[in-house]
Amino acid sequence: MPYEVIMPRLVDCVARIASGISKKAPSEECPSLPKIAVEAVELVASRLAPQSAPALYCALCYKGPYTRKGYYLHLKRVHGSEIKEEISREIKRLEQVYRGHLE
Ligand SMILES: [Zn+2]
């Protein structure tokens, strides 16, 4: 699974985008990554957008409130493995979607 190699970068991208510490588009935030990985990052990050900004509460465990930087660190430290699994699942799903279109 070649995506395993870039997974730490993908998790970091998700945490940056979800916490809002990055205002860049996912394709700019993770340059040189495969299109399918960028799409997976975008999907997972959108699900992890914090509850009721600007008082940021975690979308997964409802802890908080966090600053943007605090939420970024919380996502990476506490939910890193969940984010990794979500990204893997999305990549697999997107691969099937694209394969379906090609056939
Ligand atoms: Zn949490």
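Here are the numbers:
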item	result
Any hit, segment 45-54, residues being at pLDDT below 90 and within 21 Å of Ile91 (Cα to Cα)	yes
Matching residues in segment 74-103 - criterion: being over 12 Å from the mean Cα position of the chain (by Cα) and surrounded by 15 or more Cβ atoms within 10 Å (Cβ to Cβ)	His74, Leu94
2 or more residues within 12 Å of the ligand (Cβ to nearest atom): qualifying helices (runs of 4 or more DSSP H) within the chain	3-19, 68-102
Single residue of segment 20-73 satisfying the filter (hydroxyl-bearing (Ser, Thr, Tyr) and buried (at least 17 other Cβ atoms within 10 Å of the Cβ)) that is farthest from the chain's Cα centre (by Cα)	Tyr66
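The values are calculated or read from the model by the stated rules, or taken from the named source; none is laboratory data. Because the structure is predicted, anything quoted here is derived from the model rather than measured. Quick reminder, even Gly has a Cβ in these numbers, built from the backbone with ideal geometry, and neighbours come from all protein chains shown.
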